[in-house]
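Report on the following structure.
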Amino acid sequence: MSDLIWDRPEPPSRPALAPLSRERIVRAAIALADEHGLEAVSLRKVAAALDAGPMRLYGYLATKQELLDLLVDAVYAEIRPVGDDWQSLLRSHARQLRAAARRHEWLADLLGGRPQLGPNAMASGEAVLAGLAELDLDAVMPVMAAVTAYVTGAVRREIAELRAERSTGMDERQWQAATGPYLRRIFASGRFPALEKVVRDAVHLTADETFELGLDYVIDGIAARNVRR
């Protein structure tokens, strides 16, 4: 039997002033992370939020990493992609993953790396992979990885911008006004003509428009590779 948290049963319940379960622990940890960020999530702080001693939590999980794994898997319960074909299914997956990361900003810091093995993550992955059955089998995982990598990069950039707004107190329009004189001086030097043309003449898209256009590029590129069986 493996030592993964998904394989370990919870300890038997017992009378206590503050009954515990992995579900209650995860809900408390998500509430902390949503309000204060991942830095606020520790076994000690979660135990305090549950009015329990930190040592009691070790009956339910062994490390903080296991707690983070449980948090990510809980969010994957919110991601259930649907679609009539492989392209619409991938779009649904991408949009739902982005929406979940916008609801839980800390998720952006935990995306990527090794595959998530929790039941909700695997159910979400199964829904996508089942819808990709019409693709060449060897293309399925690279296609999934390409779309997930795009979403991960996009949401990390968006979250970083939101955090910058909060830390500086300036929204995008205010930041542009503050940096405008500097950019005009730099562009006047003639050293960055391509950058100047893009900044001055290109259409400035919203975050939603930028995400959707980038997703179009990714999925259209995949389709152009003729990855179907």
Expected output for the stretch 30-41 (first residue among the polar types (S, T, N, Q), partner modelled with pLDDT under 95, Cβ below 9 Å, 6+ apart or cross-chain) is none
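Residues are listed down the side, and each one gets a yes or a no for (1) modelled with pLDDT under 90; (2) assigned to a loop (DSSP other than H, G, I, E, B); (3) in contact with a helix residue (DSSP H, G or I) (Cβ under 6 Å, 6 or more places away or on another chain); (4) of a type in the set (A, V, I, L, M, F, W, C):
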residue: L32; (1), (2), (3), (4): no, no, yes, yes
residue: V46; (1), (2), (3), (4): no, no, yes, yes
residue: L68; (1), (2), (3), (4): no, no, no, yes
residue: Q87; (1), (2), (3), (4): no, no, yes, no
residue: R95; (1), (2), (3), (4): no, no, no, no
Meets criteria (in a helix (DSSP H, G or I), buried (at least 16 other Cβ atoms within 10 Å of the Cβ) and either in contact with a Ser or Thr (Cβ under 6 Å, 6 or more places away or on another chain) or among the hydrophobic types (A, V, I, L, M, F, W, C) (or both)) for A130: no
Failed condition for P12, given (1) touching a residue at least 24 places away in the same chain (Cβ under 8 Å); (2) not assigned by TED's automatic domain parsing to the domain that holds Y150: (1)
Select from the stretch 131-141 the residues that are in contact with a helix residue (DSSP H, G or I) (Cβ under 9 Å, 6 or more places away or on another chain) and without any contact (Cβ under 8 Å) to a residue 12 or more places away in the chain and list them in ascending order. A133, V140, M141
Of the conditions (1) outside any helix (DSSP H, G or I); (2) surrounded by fewer than 14 Cβ atoms within 10 Å (Cβ to Cβ); (3) free of Cβ contacts under 8 Å to residues at least 40 places away in the same chain; (4) outside the structural domain of A108 (by TED's automatic domain parsing), A52 clears all except one; give me its number. (2)
A careful count of residues in the stretch 140-166 that are over 13 Å from the mean Cα position of the chain (by Cα) and over 17 Å from H93 (Cα atoms) gives 6
Reported set for the stretch 174-229 where residues are more than 30 Å from M144 (Cβ to Cβ) and not in a helix (DSSP H, G or I) is S189, G190, R191, F192, A202, V203, H204
Name the pairs whose Cβ atoms lie under 6 Å apart, with the first residue in the stretch 188-203 and of a type outside the set (A, V, I, L, M, F, W, C), the second part of a helix (DSSP H, G or I), and 6 or more positions between them or separate chains? E196/F187
Determine which member of the set T206, T152, T168 is among the polar types (S, T, N, Q) and in contact (Cβ under 8 Å) with a residue 12 or more places away in the chain. T152
Modelled with pLDDT of 90 or more, outside the structural domain of R27 (by TED's automatic domain parsing) and more than 30 Å from P54 (Cα to Cα) - does that describe any residue in the stretch 161-176? no
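The values are calculated or read from the model by the stated rules, or taken from the named source; none is laboratory data. On a predicted model such as this, the values are computed, not experimentally measured, just so you know. Cβ: placed from backbone, ideal geometry, glycine included. Neighbour counts: every protein chain shown.
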